[in-house]
Amino acid sequence: MAGVDPATHTVNAVQAGTALITASYGGKQTTHHITVIAASDAVQVTSTVKTPSGVVPVLPGVVNAVYHNQTVQAQVTGSETAGLDFSTIGTVQIPVTLKISGQEFSSTISVEVVPGYGLDEIVSQLRSKLANNSYPLGNGAGNYSAAKYADFVAAVDQAEALAGNAELTEAQFNAALNTLTEAEAALLNSLNTTQNGITYKAYRDFSGDTAGKYPYGITAQDLTNGATAVVQEEAGNKFLRLTTTAVSGKANLFLPYLGEVSAAGNQRIVIEYRVRLNSNFQYANGAMVRNDSGTSNYSMVTAFDSGKILVQNGGSNKVKVRDFSLGTWYAIKMVANWDAKTYSVYINNESVPVATDFAFRHTGGSTLTGQLFGVDGYANASIDFDDFKVRVTGD
Ligand SMILES: [Ca+2]
């Protein structure tokens, strides 16, 4: 049993048996059961375990131990790792239950926490990215190579195996990181932008996407108060749905353009998308086409306001060009004359534009960088987007 020294507040083993120690401080009380065993009955585990920093170790099923001055093999039948910190370099004692010749003993296994270089954290972030994002795969424009995606997943698998290896050296860590970086770069570079002889500056029809996930490659500018951006499938067509909840929220995404998007002389910049509003809310951004002179600088704007399709003419004049109906898809085409800083807008590929040579909202910049679309702070919004196509035409 155990005795407490009132002067030093230390607990001393007196004789084999169990003792219940009650301690109180500042009105709070705690109790500890202490088992005192004869020194000759102690089991000392001699096997050591290593774990990379941040990784909870997997204990072996059998360890070497010393019992009654004999080297024995002990089965590990239980362990308690809850509450232990494996993120600091050093040694951690894990309480374990051992079985030797059918008899159970309490002991500890010494775990050496060695540098893990944070590979586990990197792998966990990549895993969550892979799980939550839809990577459009396939051969058509807007898709990444399925083979490059498989290579990237294999690199993550390989890194995960290494992350749990306590013998990982810094050189191996650097090599793993390099492989991951190269595999992801190869995936990104595999984005196909050409279809039927046309090279696009942006293209996404969601055909290669996975329903239920966030569209990889489109940036989330604002997703607030439970707003979502999720690929949906309906009658074989996949598209993107943005929603906000009953609490007013933002669901604004940014589709980045590739390379230089400007035009000279007879060239025109053609920006197309399809859109469908599903619920009644006041205002939606259809396409706010940003130039490189500042993230708030938009050259062209099409939008939806209280049942009307809007096209912006100059700095502040938003012109209502047509009514729209809920639950109906509309194809919007914006055709820009970069030199004149004007644009015309067509609905549903009609030959007559609904806006002719409207002035840019912002005339600065040397290239267009992408388009912002979605919901800017309204409740119960639901809006769908599909068939984003951006290209420069003419000679
Ligand atoms: Ca589609």
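We did not get these values from a lab; they are worked out from the coordinates using the rules stated. All figures in this text were calculated on a predicted structure; none of them were measured in a lab. Here the Cβ positions follow ideal geometry from the backbone for every residue, glycine too, while neighbour counts run over all protein chains shown.
Just a few scattered comments:
- Gain in span if fully extended, Y25 to T88, counting 0.36 nm per residue against the direct Cα distance: 19.8 nm
- Residues whose amide H comes within less than 5 Å of that of K201, counting only those at least five positions distant or on another chain, are V390, R391, V392 (H built at 1.01 Å from N in the peptide plane).
- Using just its DSSP H runs of length 4 or more, each adding -39500 (n - 2.57), the chain gives a mean residue ellipticity at 222 nm of -4500 deg cm²/dmol after division by all residues.
- Sequence-distant residues sharing a close amide H with S190 (under 5 Å, placed H): S145
- Cα-based reach from K308 at 20 Å (exclusive), listing lysines while leaving out same-chain residues under 8 positions away: K318, K320, K333
- Candidates V11, V63, V36, ranked by Gaussian network fluctuation over the chain, Cα under 10 Å, top entry: V11
- Percent of Cα-Cα distances greater than 18 Å, calculated over segment 119-192: 39 percent
- 0 to 90° range, to nearest 10: angle between helix 170-189 axis and the chain longest Cα axis: 20 degrees
- The string of couplings for segment 307-317 from the Karplus curve (6.51, -1.76, 1.60, θ = phi - 60°) is x, 10, 8, 10, 10, 7, 10, x, x, 9, 8 Hz, one whole number per residue in order, with x for Gly and Pro.
- Placed amide H near T108: partners under 5 Å, 5+ positions off or other chain: V45, V96
- Prolate is the label for segment 177-267. Its Cα gyration tensor axes, ordered a ≥ b ≥ c, give a/c of at least 1.5 and a/b above b/c.
- Length gained when the stretch A379-K320 is fully extended (0.36 nm per residue, less Cα-Cα span): 19.0 nm
- The angle separating the long axis of helix 146-163 from the principal Cα axis of greatest extent in the chain is about 20 degrees.
- Directionally averaged projected area (convex hull, Cα atoms, the chain), nm²: 30.1 nm²
- Straight-distance candidates among the lysines for linking to K28, with alpha-carbon spacing under 21 Å and chain neighbours fewer than 8 residues away dropped, are absent.
- By other beta-carbon atoms within 10 Å, ranking V321, V56 with the fewest at the front produces V56, V321.
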